[in-house]
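K.L.:
First the structure, which I've put down as structure tokens, then a few questions once you've had a look.
The values are calculated or read from the model by the stated rules, or taken from the named source; none is laboratory data. Predicted model, so just to flag it, every value in this text is computed and none were measured. All Cβ positions, even for glycine, are placed from backbone atoms using ideal geometry, and neighbour counts span all protein chains on display.
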Amino acid sequence: MPAEENKQIVREFIEEVLNRQRVDLMSELLAPDYALHFPGMPGPLKREAFPVFIASFPAAFPDFHLAVESLIAEGDEVAVRFVLSGTHQGEFMGIAPTGKKVEVPGHVFYRIRGGKIVDDRPIFDRALMLEQLGAMQGR
């Protein structure tokens, strides 16, 4: 699949599924063998568990938004540089709501096969997020 088409799949996934919580589009955008490799998780998260996992972010940050800063594609891979933002209104990682705004940079690497996302590997500055929430001392 051409790189531009792969980039469009990723754009739609970020905008519709992550930012707008349109989990009804999962079967359209995620391969049946989709795996999310999230740092700190004991193993990859499968497609069936994805809706519960992704719902945890807007539950904690109702104004959750992932802003794409750049998108690069080569072959079946798409790399995204993003900024995750939101206001902490619900429990997150055991931290009671603080009302604080977070803005955290990160990267995610996707692999596309047959027009669907098969592999998802995000990395974001968790320490910065915890610092902004007041749960960790500054660096």
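K.L.:
Going by the structure shown, is Phe53 within 14 Å of the chain's Cα centre (by Cα) and free of Cβ contacts under 8 Å to residues at least 24 places away in the same chain?
P.N.:
Values: within 14 Å of the chain's Cα centre (by Cα): yes; free of Cβ contacts under 8 Å to residues at least 24 places away in the same chain: yes.
Yes, satisfied.
K.L.:
Could you list, in sequence order, all residues of the range 34-50 that are in contact (Cβ under 8 Å) with a residue 40 or more places away in the chain and touching an Asp or Glu at 6+ places or on another chain (Cβ under 9 Å)?
P.N.:
Initially, the range 34-50 is screened for residues in contact (Cβ under 8 Å) with a residue 40 or more places away in the chain, giving 34-40.
Tyr34, Ala35, Leu36, His37, Phe38, listed by residue number.
K.L.:
For Leu66, work out the one condition from (1) part of a strand (DSSP E or B); (2) loosely packed, with under 14 Cβ neighbours inside 10 Å it doesn't fulfil.
P.N.:
With respect to (1) part of a strand (DSSP E or B); (2) loosely packed, with under 14 Cβ neighbours inside 10 Å, Leu66 is out only on (2).
K.L.:
For the range 36-49, which residues satisfy the criterion of being touching a strand residue (DSSP E or B) at 6+ places or on another chain (Cβ under 6 Å) and in a strand (DSSP E or B)?
P.N.:
Passing the criteria: Leu36, Leu45.
K.L.:
Looking at Asn6, Asn19 in this structure, which one is over 24 Å from Lys101 (Cα atoms) and in contact (Cβ under 8 Å) with a residue 12 or more places away in the chain? Before the answer, list the steps.
P.N.:
Working: Asn19 fails: over 24 Å from Lys101 (Cα atoms).
Only one candidate passes the filter, namely Asn6.
K.L.:
Now for a separate question. If Gly94 passes every condition in (1) over 19 Å from Ile9 (Cβ atoms); (2) in contact with a Lys or Arg (Cβ under 8 Å, 6 or more places away or on another chain) but one, which one does it miss?
P.N.:
Unmet for Gly94, out of (1) over 19 Å from Ile9 (Cβ atoms); (2) in contact with a Lys or Arg (Cβ under 8 Å, 6 or more places away or on another chain): (2).
K.L.:
While we're looking at this one, here's another question. What is the number of the single condition among (1) acidic (Asp, Glu); (2) touching a helix residue (DSSP H, G or I) at 6+ places or on another chain (Cβ under 8 Å); (3) surrounded by 16 or more Cβ atoms within 10 Å (Cβ to Cβ) that Glu103 does not meet?
P.N.:
(3)
K.L.:
Additional query: Restricted to the range 43-52, and to residues that are surrounded by 14 or more Cβ atoms within 10 Å (Cβ to Cβ) and in contact with a helix residue (DSSP H, G or I) (Cβ under 9 Å, 6 or more places away or on another chain), which residue is modelled with the highest pLDDT?
P.N.:
Top of the filtered list is Arg47.
K.L.:
While we're looking at this one, here's another question. If I ask for residues that are more than 18 Å from Glu131 (Cβ to Cβ), touching a residue at least 40 places away in the same chain (Cβ under 8 Å) and outside any strand (DSSP E or B), which ones from the range 69-102 would you list?
P.N.:
Gly75, Asp76
K.L.:
Please go through the range 25-42 and pick out each residue that is of a type outside the set (Phe, Trp, Tyr) and surrounded by 11 or more Cβ atoms within 10 Å (Cβ to Cβ). Lay out the reasoning, then the answer.
P.N.:
Restricting attention to the range 25-42, the residues satisfying the condition of being of a type outside the set (Phe, Trp, Tyr) are 25-33, 35-37, 39-42.
Result: Leu25, Met26, Ser27, Glu28, Leu29, Leu30, Ala31, Asp33, Ala35, Leu36, His37.
K.L.:
Val80: in contact with a helix residue (DSSP H, G or I) (Cβ under 6 Å, 6 or more places away or on another chain) and surrounded by 14 or more Cβ atoms within 10 Å (Cβ to Cβ), yes or no?
P.N.:
Considered against the rule, which asks whether it is in contact with a helix residue (DSSP H, G or I) (Cβ under 6 Å, 6 or more places away or on another chain) and surrounded by 14 or more Cβ atoms within 10 Å (Cβ to Cβ), Val80 comes out as no.
K.L.:
Return yes when Ala55 is of a type in the set (A, V, I, L, M) and either over 17 Å from Gln21 (Cα atoms) or at pLDDT 90 or above (or both) and no when it is not.
P.N.:
Details: of a type in the set (A, V, I, L, M): yes; either over 17 Å from Gln21 (Cα atoms) or at pLDDT 90 or above (or both): no.
No, not satisfied.
K.L.:
Counting only residues that are exposed (fewer than 14 other Cβ atoms within 10 Å of the Cβ) and within 17 Å of the chain's Cα centre (by Cα), how many does the range 107-124 have?
P.N.:
Number of matching residues: 1.
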